[in-house]
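For reference, the structure is listed below as C-alpha cells.
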Amino acid sequence: MDVPRLSTIQALLLLLKARESLPKKGYYYRSWQTVKTIVSMAKDLDIHEHYSTHAEGRPCDLSPIECLIHTRVWQAILVVEIMIGAPQGKKSTCVLMED
C-alpha cells in the first residue's frame, strides 16, 4: 500500500462504502482487512491522538478545517470498524480515548 495519507484513508473509506452496496462471498473478511489497513494508516498519521490532544486542552497545529477533517475521519473509522467487525465477533482496535 502507498505511504499513509489522509486522502488514501478517505478513498479506502469510500471503497468500503461502495463494496457494501453489492456484498459478495467473503465481504466481511475483505472488508475487515481494509479496515485494518485504514486503522494502521490513521495511527501512523497520529489521527487517533487528535482527540486526546484536545481533551487535554492543548491546541493542535492544524487549521480549523483540517482539525475537523481529522476528527470526522477518525470517527468514521471507528464506526466502520464496529460495523464490519461486530458481525464477526471482533473487538475494536481503535482507541477513542485513553484512561
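We did not get these values from a lab; they are worked out from the coordinates using the rules stated. Because the structure is predicted, anything quoted here is derived from the model rather than measured. When we count neighbours, we look across all protein chains shown, and the Cβ atoms used for this are built from the backbone with ideal geometry, even at glycine.
Which one is farthest from the chain's Cα centre (by Cα) among residues in segment 38-76 that are charged (D, E, K, R) and closer than 19 Å to Ala11 by Cα?
Step one: filter segment 38-76 for residues charged (D, E, K, R), giving 43-44, 46, 49, 56, 58, 61, 66, 72.
Retained after the next criterion (residues that are closer than 19 Å to Ala11 by Cα): 43-44, 46, 66, 72.
Details: Lys43: 9, Asp44: 11, Asp46: 11, Glu66: 16, Arg72: 9 Å.
The extreme case among them is Glu66.
Residues in segment 12-30 that are among the charged types (D, E, K, R) and part of a helix (DSSP H, G or I): Lys17, Arg19, Glu20, Arg30. Just so you know, in segment 1-36 the residues that are touching a Ser or Thr at 6+ places or on another chain (Cβ under 7 Å) and exposed (fewer than 12 other Cβ atoms within 10 Å of the Cβ) include one that is farthest from Ile82 (Cα to Cα), and it is Asp2.
Selection of first residues in segment 4-33 that are on the phi < 0 side of the Ramachandran plot and of second residues that are assigned to a loop (DSSP other than H, G, I, E, B) and loosely packed, with under 11 Cβ neighbours inside 10 Å, restricted to Cβ pairs under 6 Å at least 6 apart or on distinct chains, gives the following pairs, ordered by first then second residue: Thr8/Asp2.
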